[in-house]
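The values are calculated or read from the model by the stated rules, or taken from the named source; none is laboratory data. This structure is a prediction, so every number in the text was calculated from the model and none was measured. When we count neighbours, we look across all protein chains shown, and the Cβ atoms used for this are built from the backbone with ideal geometry, even at glycine. Each accessible area value is taken on the protein alone, full model and side chains, heavy atoms only, with ligands, DNA and RNA left out. Shrake-Rupley method; radii C 1.70, N 1.55, O 1.52, S 1.80 Å.
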Amino acid sequence: MFPQKASSDFRLFNTLTNRVEPLDLIEPGKLRMYACGPTVYSYAHIGNFRSFLTSDLIVRTAQAIGLKVNYVTNITDVGHLTDDDVADSQGEDRMARALRSKEGESFGNVWDLARHYANVLIADWDRLNLEEPTLRPRATEHIRQQILAVQSLISAGHAYETTQGVYFRVASFPDYGKLSGNRDAAELTELSRELVVDSAKEDPRDFALWKKDDKHLMQWFSPWGWGFPGWHIECSVMANEYLGEEIDLHAGGEDLIFPHHECEIAQAESLTGKQFARHWVHTRFLQVEGEKMSKSKGNFLTVQGLIESKEDGGKGVDPMALRLTLISGHYRKPYNFTMDTLRANTRHVQRLREIRDLLDNVSETEATDKTVEPLVLDDLSARMLDAMLDDLNTPEAIAAVLEGVKRVMAKRDTLGSDDVETAKDWLGHVESLLGIIGRPIAPDPADDASLAAAVETLLSERAVARASRDWARADQIRDELGAMGVEVMDTAEGVTWRRKIDS
RNA sequence: GGUGACGUGGCCGAGUGGUUAGGCAAAGGUCUGCAAAACCUUGUACGGCGGUUCGAUUCCGCCCGUCACCUCCA
């Protein structure tokens, strides 16, 4: 067990107050949490997952201190406009655009496209060992609730209809801007003026709740005719539906602070008159090899592209190494994702798995007390948890893990039964809190079997050569194996091999 | 222009008013036929200029640089 902690020991930066603050739960012992998911018009990239991983770590840390977590994260499967939230005949729906792209050709319609990318998102989620949310609602399954919310906003005077749509009346919500600091109405007005196309809007700051459009690929019938909902309303509605009018924590990427979360607050608090979310947590964008990740720079990394096997056109990256890399920087700092770090982290997760296997094997054979100094790891479990409770200090938590790896490795040949128990407990803590070891990997069926057979053949040849002290031949075989991507290790217990980490 | 960040040793990346983060890479060592693996040892860094202080990388000011949001984006 982890040491006993109170929920107030869990401190996180709150965008609303610009301070690190303890969790202040509405209901003791229970965390109500909502995280914004992506629009599923493409494969999720590593930046998406950096943000999802922040939520994942919050959930794991909360569970480690005994909180019951109600974790809702949505899938946005309605396409919203690329240009503005203004009804603009020029504006293009992102899903519609994806459908017309090269990748989109394989889909019969926009619904299939959304379904496909949503399925891959969930598969990536699983492969990167993220905790399943309590619920994963979809925007398209909550159109009715969104319409009802818009109606309520209209009757309360917070929204109005024009010929093109329904808009939220920002002037009716004085707190608008409290999250992002974008309070200066004149400033916003000036900047957005040129983008405004619906001249019937009362205020350029007003944002769309419903858009009238009977030509749209995805459309629903509403009191205002055929059309589709605005982007921001779905999250307010789904959070409300599944977590209640007040929630403890709302998370997402830093880009969502404005306008998305600002608008969510305006809608939700106008509807209920209560504070929507107490704690707002935002994850910084990451960079790739020191540059902004973008398709034009060719450094746009999708989870799919990295972890798919080489045979399937991917890079064959260990999912847990990717996970470890994505959490190895603090979530509130820009993080520079490099292939170098990814490679180093591959070694780290391998070592963790080696330890897991080692512990399993030792317990099966002999775990007698051959030790003098017992293995001590409890301090490291505590250090790791404390680091996470301190605004998710993952670098510090990981440093504690690596210290543990070192301690176990240093004692690998003299582990007593108590040591094995100690190490297993510790490893369990590491996995439950950080999730970087993962499930045992099922060997690649066909590929691994044939490779293994080939390797074994060569290794037995090499064993013969070594027995006759034919070092030249032995080294030649080792080179051949190297060319096959296999590393050979002669240990005291015999010869072992493994796949090399790609460079 | 407005808002908010960031700048740490070759690289990635924590943290702190005065005492070692950690990792990768590198060097040396133990082990080994040689390697690999494993373990041990080695690095004294905090953008610039001022200020506060007995003392600042850590606080304050200015400057330089990088980034994000303000328009779709995790």
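What to note about this one:
- Heavy-atom SASA rank of A:LYS215, A:LYS406 (probe 1.4 Å, accessible area, largest first): A:LYS215, A:LYS406
- Cα gyration tensor shape for region A:7-283, rounded if a/c is under 1.5, else prolate or oblate: oblate
- Which of A:ALA62, A:VAL362, A:GLY485, positive extreme of dipole for chain A (C-beta unit charges): A:GLY485
- Gyration tensor (alpha-carbon) shape descriptor, region A:161-305, a/c threshold 1.5: rounded
- Calculated translational diffusion coefficient of chain A (4 °C, 1.567 mPa s; Stokes-Einstein with Kirkwood radius over alpha-carbon pairs) equals 51 µm²/s.
- Amide N of region A:285-317 lying under 18 Å from the label point, which is placed 7 angstrom from the Cα of A:THR338 along Cα→Cβ: A:286-293, A:299-301
- The stretch between A:LYS30 and A:GLU456 holds 148.0 nm of extra length on full extension. This uses 0.36 nm per residue minus the Cα-Cα distance.
- Residues in region A:288-434 average 46 Å² of solvent-accessible surface per residue, probe 1.4 Å, ligands and nucleic acids excluded.
- Within the assembled protein chains, the solvent-accessible surface assigned to A:ILE501 is about 50 Å², based on a 1.4 Å probe.
- Placing pseudo-labels 7 Å out from each Cα toward the beta carbon at A:GLU487 and A:LYS295 gives an inter-label distance of 3.7 nm.
- Charge tally for A:ARG278 (other residues, Cβ to Cβ under 10 Å; Lys, Arg +1; Asp, Glu -1): -3.
- Against chain A, whose longest principal axis comes from its Cα atoms, helix A:262-272 is set at around 60 degrees.
- For the Cα trace of region A:445-499, dividing Rg by the Kirkwood Rh returns an Rg/Rh value of 0.97.
- Expressed as a whole percent, the accessible area of chain A that falls on carbon and sulfur atoms is 49 (1.4 Å probe).
- Axis of helix A:110-127 versus longest Cα principal axis of chain A: the two differ by about 40°, to the nearest ten degrees.
- Rounded to the nearest 20, the Cβ-based charge dipole of chain A about its Cα centre (Lys and Arg +1, Asp and Glu -1) stands at 340 debye.
- Chain A: calculated mean residue ellipticity at 222 nm from DSSP helix runs of at least 4, using -39500 (n - 2.57): -13500 deg cm²/dmol
- Residue order by solvent-accessible surface for A:THR163, A:THR422, A:THR134, A:THR325 is A:THR163, A:THR134, A:THR422, A:THR325, largest first, with ligands and nucleic acids left out and a 1.4 Å probe.
- Angle between chain A longest axis and helix A:339-364 axis [Cα atoms, degrees, rounded to 10]: 60 degrees
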